Amino acid sequence: MLNLYQEAIEKSNIISKTDVNGVITFVNDEFCKISGYTKEELISQKHNIVRHPDVVDAKFKDLWQTIMSKNIYKATVKNRAKDGTTFFVNTTVIPILNENEVIEEFVAIRYDVTKEMFYKEALEKKEEELKELNRHLKEELTKNEEKQQVMFWQSRLASLGEMLANIAHQWRQPLTELNLTIFTLKKAALKGKMNEVDALYCEGKNIIQNMSQTMDDFSNFFKPSKKRYLFNVNESIADALNILDRLIVSETIEINVEGRDIVVVGVSNELSQVILNLVKNSIDAFVQNDITQRVITIKVEKNMQELSIELEDNAGGIQEKNIYRIFEPYFTTKHTSVGTGLGLFISKMICEKGFYGSMDVKSHTDTTTFIIRLPLEEGAKI
Ligand SMILES: Nc1ncnc2c1ncn2[C@@H]1O[C@H](COP(=O)(O)OP(=O)(O)O)[C@@H](O)[C@H]1O
Ligand SMILES: [Mg+2]
């Protein structure tokens, strides 16, 4: 019976025996098969003949400490065969004691888990590759965000350039008026007409106050604010139109704003920036297409969940081959000194990232409509 058990174990496992010094005294056929050594080559050798160089000393120390203190040692061990190939074995080392409780020898029973370990290693490698890919993707994402940030500022700078031109435009007329007023004031003073001097003085002060107001409007508009708070959409539209008012007048554009006061949460001057970009584009198109009757209609509406702002112009429409590309960064049909191609890209980004909303466009033969949808947050509903 015992012999049968022994045979069964020997046939199905890799067995070796060593003396207390780790010198091999017995190996079965399975051991020879997996290690590539013959019995003669193994007997009388130290067991570390199959030791793999990857296995650290600490692991051996642990093994010896365990079995020398008469405990059973269990571990998965990496070994090296005679031809240099690696194999993994699940190992159990049992110290055999004599009747005086002294260690007589060690029996090691192992089974081959090389395939499993290779799968495991391959899996770990794949996992590592995936992690690497993930890291790479994250890096790209950050880079992309940085790029968008740069474009955002480029667009601000571009509109700042436009704005400066606009300020100059806004100031030209009052400067001339002021010049004339001072001249007249001097004349009146020389003639001693004190009433006239007073009136002219007030007029001059008014002009200066207006110019100063224009300046404030501009600098408020470009103040980089990131605070999100409730603001009135119509006011932010009015701010944008105010900045453009001279241009609107000099290009004889009729602007109708329809819709009642609605508040949303976000950065107020970012919405103004969007409206400004859209109106500026409409004006550019009116001029470029030589339109005589120039009308822009801005409709503000709200339903249960969202606010919509529709801006429509009759400036000639957008050609079908272009309409799919207008939101792309740097896409422009204007001369490079005029167009940056960033206005719509940034505007769409503000709607999506700043307001968690959307921006779409429709264009028929002569008209273009931009549709902005912004979700109304809890507490923002009236
Ligand atoms: N209201 C509009 N009517 C006609 N074309 C428009 C209008 N708005 C935008 N476009 C087209 O979309 C392009 C991209 O606009 P935008 O991103 O603001 O860049 P830019 O104004 O610098 O060209 C414009 O060059 C123009 O061809
Ligand atoms: Mg533009």
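The values are calculated or read from the model by the stated rules, or taken from the named source; none is laboratory data. Small disclaimer: the values here were computed from a predicted structure and weren't measured. Neighbour counts run over all protein chains shown; Cβ positions are idealised from the backbone, glycine included.
Scanning segment 283-296 for residues that are at pLDDT 95 or above, charged (D, E, K, R) and either within 29 Å of the chain's Cα centre (by Cα) or within 11 Å of ligand 1 (Cβ to nearest atom) (or both) returns no hits. Inside segment 8-45, residues that are over 19 Å from residue 105 (Cα atoms) and surrounded by 11 or more Cβ atoms within 10 Å (Cβ to Cβ) make up a count of 12.
What about residue 300, is it in contact with a Gly (Cβ under 6 Å, 6 or more places away or on another chain), assigned to a strand (DSSP E or B) and away from ligand 1 (no atom under 11 Å from the Cβ)? The answer is yes for residue 300. Evaluated against (1) closer than 18 Å to residue 151 by Cα; (2) away from ligand 2 (no atom under 12 Å from the Cβ), residue 346 falls short on exactly one condition, (2). Being assigned by TED's automatic domain parsing to the domain that holds residue 334, within 16 Å of ligand 2 (Cβ to nearest atom) and either in a loop (DSSP other than H, G, I, E, B) or of a type outside the set (Val, Ile, Thr) (or both), is that true of even one residue in segment 219-231? No: zero hits. Taking every residue in segment 334-345 that is at pLDDT 85 or above and pairing it with any residue that is of a type in the set (Asp, Glu) and near ligand 2 (Cβ under 8 Å from one of its atoms), at least 6 positions away or on another chain, yields no pair with a Cβ-Cβ distance below 6 Å. For segment 304-327: of the residues being assigned to a loop (DSSP other than H, G, I, E, B) and within 14 Å of residue 348 (Cα to Cα), which is farthest from ligand 1 (Cβ to nearest atom)? Among those residues, the one meeting the criterion is 324.
Across segment 283-292, the qualifying residues are those that are assigned to a loop (DSSP other than H, G, I, E, B) and of a type in the set (Val, Ile, Thr), and the one among them that is nearest to residue 363 (Cα to Cα) is 291.
Of all residues in segment 316-335, which are farther than 20 Å from residue 290 by Cβ and within 13 Å of ligand 2 (Cβ to nearest atom)? Spell out how you get there, then give the answer.
As a first pass, look at segment 316-335 and keep what is farther than 20 Å from residue 290 by Cβ: 320-321, 323-331.
Within segment 316-335, 326, 327, 328, 329, 330, 331 meet the criteria.
Would you check if there is a residue in segment 340-351 being part of a helix (DSSP H, G or I) and more than 27 Å from the chain's Cα centre (by Cα)? The answer is no, given that none of the residues of segment 340-351 is part of a helix (DSSP H, G or I) and more than 27 Å from the chain's Cα centre (by Cα). Taking the residues in segment 352-364 that are over 16 Å from residue 271 (Cα atoms) and either over 29 Å from the mean Cα position of the chain (by Cα) or not in a strand (DSSP E or B) (or both) as candidates, determine which candidate is nearest to ligand 2 (Cβ to nearest atom). Ranking the qualifying residues of segment 352-364, first place goes to 363. Of all residues in segment 237-282, those satisfying the criterion of being within 16 Å of ligand 1 (Cβ to nearest atom) and outside any helix (DSSP H, G or I) are 244, 251, 253, 254, 255, 256. Note on segment 32-144: enclosed strands (runs of 3 or more DSSP E) holding 1 or more residues that are assigned by TED's automatic domain parsing to the domain that holds residue 16, among the β-branched types (Val, Ile, Thr) and over 25 Å from residue 11 (Cβ atoms) are 103-112. For the subset of segment 266-315 comprising residues that are closer than 29 Å to residue 231 by Cα and of a type in the set (Lys, Arg), which member is nearest to ligand 2 (Cβ to nearest atom)? Within segment 266-315, the match that is nearest to ligand 2 (Cβ to nearest atom) is 280.
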